[in-house]
Structure formats: C-alpha cells, structure tokens
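A short worksheet on the structure shown next.
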C-alpha cells in the first residue's frame, strides 16, 4: 500500500476492541452509522479467520479495512479506479475493474471487495479475474448492499440477491464458504428513516442517531433479533460472502 506510514482510519475505527463506523461526519454520514456498524462488525469477525498472505484490496478507496486485516496478511496491494469519490493517496494501481488487471495468475491469497460489485457494469468479467488472481485455497471476502439507497451516482448499477451471488461464485469456479444476509426489516426501516430525518434543521442529526440507536438496541433483544434474522431472509439490507479457489 502506498503511503502506508501515513494511513489514517476513515470509514471504520476501533473502539474498545471492536471495529465500528467512524463518528466523524466527514467519513460516515450520520444516517449511515447503523449499516456501517453492522458491516464493520461482520468484517471484524471474519477477517481474522480468513484473511492471509498477500491481499488485494479492490475498489479500496481510503482502505478503511486496513486496520482490521493488517495483522493477518503479509502484504496488501490497493487498487481503485479513477472515478472513485474517495481519496486515492494509498493506491498502488489505478485500474478499470471491468478490464484485465495488471497482475500475474494466482498471486493473491486474499481479495477484498467491499461495497464494490454494485458499481461494476460487467461483473462476470471481474469474477473471472478474481478466480485468475487467487492462489489455490485463496479467498474472496466481500459484501454488497441490497435494500440500500443509490450511492456514488451515476456509477451505481446493480443490486444482487443471494442467488445471483451464488451463481457468480459457481460460474467463476470458486467454492462458496459463507453467504449471509446483513440486517433485516428493523435495520432497513431505521436506515431509511435516519437518512431522511438527518436533514431536518437543528434536530435532524440527533433524531437520526436516536432512531439508529433504538434499532440497534431492539435487534439485540431476543424478539428483535428473531425479527431481524427472519426478515433478513427476504428483506436483507445487504449480503456478506466468502468464497475459496480450490483448483
């Protein structure tokens, strides 16, 4: 990673040993804290078990997950495209992810693809590149939104169901290890409401924070957790996936 010695946390930060969304409004919009907290927690849980060796961070932006995976890998290569809305001072390569990437076959043990696939208008090609670049037993670790607002417009093209993601994995010759929905109806409702009320003058931010806090508290109860998990099967806010190259 370029300028690794100058890297600073951005979207995600560690607090009391847990990866959470930054409370800096310049990094994470107030109305997006709940979903960013959820995604941070999932990566924090799984990177320690699956990230290893030489890692390729595709569509990395400010490399927000660096702190979460750096202790488990030997090197990280950061790639993004020139149309990214994020700063690019950590990039090793500026690449169009719809075209062949400038790396040899089977050179990466881990690939991160966080909130990126929805921005790729030729996803099949990228999946084949991922298979080419992964070493044997190498893994892709990724997430995508589903019930979520348009972002980085006009470069937001798709929303994928779990069935589409499974087909991408199968058709690219990978083996699915894990796919799980991220959040359900309570989180979606809180996210939508928070994203709108945050713009109300004077009370918007406080109200958005309160709504998301109540939603988080609710889904941590037995009833709330049950509702979240059940509704996530048909109303997920997104998906998290891990797949492996076996041959």
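Using Cα-Cα distances under 8 Å and only pairs 6 or more residues apart, what relative contact order does segment 163-212 have, in percent? Kindly include the intermediate steps, with their values, before the conclusion.
Numbers: 26 pairs, mean separation 12.4, N = 50.
RCO, segment 163-212: 25 percent.
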Evaluate the relative contact order of segment 4-83 (contact order divided by residue number), counting alpha-carbon pairs under 8 angstrom at least 6 apart; express in whole percent.
26
Computed from the beta carbon distance with a Förster radius of 22 Å, FRET efficiency for residue 99 and residue 149 to the nearest 0.05 stands at 0.20
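Run through the DSSP bridge list for the chain and note the antiparallel percent, rounded to the nearest 5.
Values: 18 of 34 bridges.
Around 55 percent antiparallel, to the nearest 5.
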To two decimal places, what compactness ratio does segment 137-239 give when its Cα radius of gyration is scaled by 2.2 N^0.38 Å?
1.27
Residues 160, 43, 93 in order from fewest to most other beta-carbon atoms within 10 Å are 93, 160, 43
The helix 123-133 Cα axis meets the longest alpha-carbon principal axis of the chain at an angle in degrees, between 0 and 90 and rounded to 10, of 50
Convex hull of segment 61-197 built on C-alpha atoms - directionally averaged projected area, nm²
9.3
Give me the angle, in degrees from 0 to 90, between the Cα long axis of helix 204-219 and the longest principal axis of the Cα atoms of the chain, rounded to the nearest 10.
80
Rank these for me by crowding, 152, 82, 244, 118, going from fewest to most other beta carbons within 10 Å.
82, 152, 244, 118
Taking only the C-alpha atoms, wrap a convex hull around segment 130-191 and report its volume per residue in Å³ as a whole number.
107
Can you give me the angle between helix 185-197 and the longest principal axis of the chain, using Cα atoms only, in degrees from 0 to 90, rounded to the nearest 10?
70
Select one label from (1) 13.0; (2) 12.1; (3) 13.7: the one whose number is mean projected area of the Cα convex hull in nm² as derived from the coordinates shown.
(1)
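No lab work stands behind these numbers, since they all come straight from the coordinates. As the structure is a computational prediction, the values presented were derived from the model and not from experiment. Neighbour counts are summed over all protein chains in view; Cβ atoms, including those assigned to glycine, are modelled from backbone coordinates with ideal geometry.
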